[in-house]
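Take a look at the structure set out below.
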Amino acid sequence: MSIPFLDVGAAYRELQDDIESAVLASMRSGWYIGGEEVTAFEREFATYTGTGHCVGVANGLDALHLALRALGVGPGDEVIVPSNTYIATWLAVTQCGAVPVPVEPAEGTYNLDPARIEAALTPWTRAILPVHLYGQPADLDPILDIARRHNLKVLEDAAQAHGARYKGRRLGGHGDAVAWSFYPGKNLGALGDAGAVTTNDPAVADKLRVLGNYGSRVKYVNEAQGFNSRLDPLQAAALRVKLRRLDDWNARRAVVANRYTAAFAGLPLTPASVHRSAEPVWHLYVVRHPRRDALQNALKEAGVSTLIHYPIPPHLQAAYSDAGFRPGQFPLAETMAAELLSLPIGPQLDDAAVEHVIAAVKSAVASVG
């Protein structure tokens, strides 16, 4: 049996008739930029996340970048970011002309550690950017408390956490704004690139709409130096269909995650721990092993495809070679880059596939020691 890491086509096939009907209706509408499909998705996603406003943008990086600008982040500012994250979190900061200031994660959840934040603050700190990594909410209350005491903004990166809850409440409006990616492999994935920002602040939402539309709210009247970043109505049409199934798909992911956790108990393999206040949506199921590369190779030989999220931490990427970071400066992020492995966990993964992965992992762990 060959198990792909994630079969994005399976999600499409499960909803094929509904998606094709919605996309065809959008094409026939004559509205190819903006229009009712986009407005309807923004309204429905705002309702789903329990927030006052949703603004669609072209992709997840734009969601982060434009949200930071809408919150007033600019040249000379510093933004607290996790040392363990996908590089998009950092890129959004530098695209504003600001400086990313890395903070190490909590070792169990791999999310930004609130206890380490205050030591990294300076007079130039403007915002904190926690990431809800792998689908597990970061510990938001202490982060928000730090932000309130130091007059900082909080932008959440929820690109991997559609539907996740913190203390019983869905992510979407705990901080000042929340950035979302609808990349096809996400829990709520489009048929191409797409993104959005949710917020309870109408002024932030208004600024986002202006920034994403060339700095204009009235055609040919440009009040700011904006960007072209708009959610495509064809993607909005597909997302509306998938949104109706998101909770079901997340529940199916949780079943797989629980089976993995139970099966791997007692193995010299460490899954991510779930924070007591979090209800994750299991975008990824990551395990930690000191011989990760050997484990990945053994699983490949057994027909199980895996991925590494992420093999090079941002501070060691060539993109940030001029920032003065050095190997060993953020040891937890570097250890995770060397030891974490993501197993298949898509909602379309059937029982036979799950059992094959479990058996393969047990065999691989035994073989690599």
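For the stretch 99-118, the tally of residues that are open to solvent by 10 Å² or more (accessible area, probe 1.4 Å) and part of a loop (DSSP other than H, G, I, E, B) stands at 6.
Conditions (1) open to solvent by 20 Å² or more (accessible area, probe 1.4 Å); (2) modelled with pLDDT of 95 or more; (3) closer than 15 Å to residue 178 by Cβ, marked per residue:
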{"site": "64", "(1), (2), (3)": "no, yes, yes"}
{"site": "81", "(1), (2), (3)": "no, yes, no"}
{"site": "90", "(1), (2), (3)": "no, yes, no"}
{"site": "122", "(1), (2), (3)": "yes, yes, no"}
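Counting only strands (runs of 3 or more DSSP E) that sit completely within the stretch 158-236, those holding 2 or more residues that are open to solvent by 10 Å² or more (accessible area, probe 1.4 Å) and within 21 Å of residue 32 (Cβ to Cβ) correspond to 216-218.
Considering the conditions (1) closer than 27 Å to residue 146 by Cβ; (2) out of contact with any strand residue (DSSP E or B) (no Cβ under 6 Å at 6 or more places or on another chain), residue 26 is excluded by exactly one of them, (1). Kindly establish whether residue 56 is at pLDDT 95 or above and assigned to a loop (DSSP other than H, G, I, E, B). Taking the combined requirement at face value, the residue does not satisfy it. Of the candidates 70, 11, the single residue that is open to solvent by less than 20 Å² (accessible area, probe 1.4 Å), closer than 19 Å to residue 217 by Cα and over 17 Å from the mean Cα position of the chain (by Cα) is 70.
The residues in the stretch 28-41 that are touching a Ser or Thr at 6+ places or on another chain (Cβ under 9 Å) and either surrounded by 14 or more Cβ atoms within 10 Å (Cβ to Cβ) or assigned to a helix (DSSP H, G or I) (or both) can be counted, and the count is 3. From the list 286, 256, which residue is in a strand (DSSP E or B) and either surrounded by 22 or more Cβ atoms within 10 Å (Cβ to Cβ) or modelled with pLDDT of 95 or more (or both)? Testing whether each residue is in a strand (DSSP E or B) and either surrounded by 22 or more Cβ atoms within 10 Å (Cβ to Cβ) or modelled with pLDDT of 95 or more (or both) leaves just 286.
Against the test of being out of contact with any Asp or Glu (no Cβ under 6 Å at 6 or more places or on another chain), closer than 30 Å to residue 166 by Cβ, of a type outside the set (Phe, Trp, Tyr) and assigned to a helix (DSSP H, G or I), the options 357, 281 yield a single qualifying residue, 357. When we screen 93, 79, 23 for residues that are in a strand (DSSP E or B), within 30 Å of residue 217 (Cβ to Cβ) and in contact (Cβ under 8 Å) with a residue 24 or more places away in the chain, the only hit is 79.
The values are calculated or read from the model by the stated rules, or taken from the named source; none is laboratory data. Owing to the predicted nature of the structure, the values given are computational and were not obtained by experimental measurement. All Cβ positions, even for glycine, are placed from backbone atoms using ideal geometry, and neighbour counts span all protein chains on display. Keep in mind that these areas ignore ligands, DNA and RNA; they rest on the heavy atoms of the full protein, side chains included. Shrake-Rupley method; radii C 1.70, N 1.55, O 1.52, S 1.80 Å.
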